[in-house]
Every structure is written in C-alpha cells, then in structure tokens.
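The values are calculated or read from the model by the stated rules, or taken from the named source; none is laboratory data. Computed from a predicted structure; not experimentally measured. When we count neighbours, we look across all protein chains shown, and the Cβ atoms used for this are built from the backbone with ideal geometry, even at glycine. The accessibility values were calculated without ligands, DNA or RNA, using every heavy atom of the protein model including side chains. Shrake-Rupley method; radii C 1.70, N 1.55, O 1.52, S 1.80 Å.
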Amino acid sequence: SEITLGDDFTVCDSGFAPIYIENLGDDAEYLWWNGTTGDTAYVFREDNYVVRVDYCEDFYTDTIFVRYTDETDGLFIPNTFTPNGDGLNEVFYIRGLDPAWLSFEFLVFDRWGQIVYQTDDPRKGWEGLDPSGANKLDDGSYVYRVIYTSPCRSEWEYTGVVNMIR
C-alpha cells in the first residue's frame, strides 16, 4: 500500500497549519523534515514538506506543497493586446491566477453585449477571434468579466474594458 500526505493545499491565513498522515498505529515510525516524529507536523510558511514513514518493514516518502494566501488576489488584467502576428501580446490573458482557485469564469463581450469568448480554464486566453474561433474580430474595445472563487472561498469579480489593436 502507499502512504500519502494528499494533494497540495492552500492555507487561507497566516499561522500554523497541520499536515498529517492518518495514524497507522504502533507499527509506524514517522520522520518529518524538521525532526518531528509523530503522525502530525505543523507548517508556518509556503514551502514543500517531506515525511518518511517506516511501516511494516517498508519505507515510504511523500512531499506536499503548502501554499499561503493573504486573500489578496494579485491579478494583473491588461488593458490592451495586439493579436497581429508579431509574437508580442498576442493573447488577452488574466495573469496572477492561483492554481488552487475553486472556480473561474472569463467572458469577453462585443459592443452589443454578445459573448465573443468564454472559458473556465485559467490557463487559456482570448486571441481576438469570434466565438467559432475561425474569424478575426475587428479592432476596438471589448468588455471583459472575470469571476472566481479563491481557495479561501472568497468570491471576486472584475469587469473592465480591453482594447484590441491588430
């Protein structure tokens, strides 16, 4: 069997946070990165943390990344992009996204309020194409809306204007 610390996680405020392995009983010996020998260790900053477990004459090692957030979103949303084929600023991306966000929605609208781009994948951006992705849209101003839920379950919403210049 495998012993695991689980998935990486985000701590929503400062202070100590426990990381642990389900207690395996008297047959298990734990050794954490900091010398702790119980089934639980406490972390206090963003970092990778390692545990080694000797259990039933087998050795297991696992690492977990603990991320801290102070509830500021840290987004950068540009006000202009230039999908003209020169390799610079070709895609309108939302930058500074925390990979632990619980939900994400990114919409772009034309001047008549029609959705021209929509995604729930924070790694994707708008390339200045129509909803089919086949035709280039005209230069101009487009309205965006970004809605997401942070790991601390805070909901954030931004709306604004982005200028597309080819």
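Taking packing as the residue-averaged number of other Cβ atoms within 10 angstrom, the listed peptides 121-127, 110-116 run from highest to lowest as 121-127, 110-116.
As a length-normalised measure over Cα pairs under 8 Å and 6 or more apart, the relative contact order of the chain settles at 19 percent. How much of the accessible area of the range 21-90, probe 1.4 Å, is carbon plus sulfur, in whole percent? Answer for the range 21-90: carbon and sulfur cover 45 percent of the accessible area. Ranking Tyr148, Tyr60, Tyr158 by solvent-accessible area of protein heavy atoms (1.4 Å probe, all protein chains present), from largest to smallest, gives Tyr158, Tyr60, Tyr148. Stretching the chain fully between Ser132 and Asp7 yields a gain of 41.4 nm (0.36 nm per residue, less the alpha carbon separation). For Thr10, the amide hydrogen comes within under 5 Å of the amide hydrogens of Arg67, counting only partners 5 or more places away or on other chains and with H modelled in the peptide plane. Classify the chain as rounded, prolate or oblate from the Cα gyration tensor: take a ≥ b ≥ c as the square roots of its eigenvalues, call it rounded if a/c is under 1.5, otherwise prolate when a/b beats b/c and oblate if not. Cα axes put the chain in the prolate bin.
Bridge orientation summary for the chain: considering DSSP beta bridges with both residues in this region, about 90 percent are antiparallel. In the range 74-166, the C-alpha radius of gyration followed by the widest Cα-Cα span (Dmax) gives 13.1, 39 angstrom.
In terms of packing, defined here as the mean over residues of other Cβ atoms within 10 angstrom, the peptides 40-51, 130-141 line up highest first as 40-51, 130-141.
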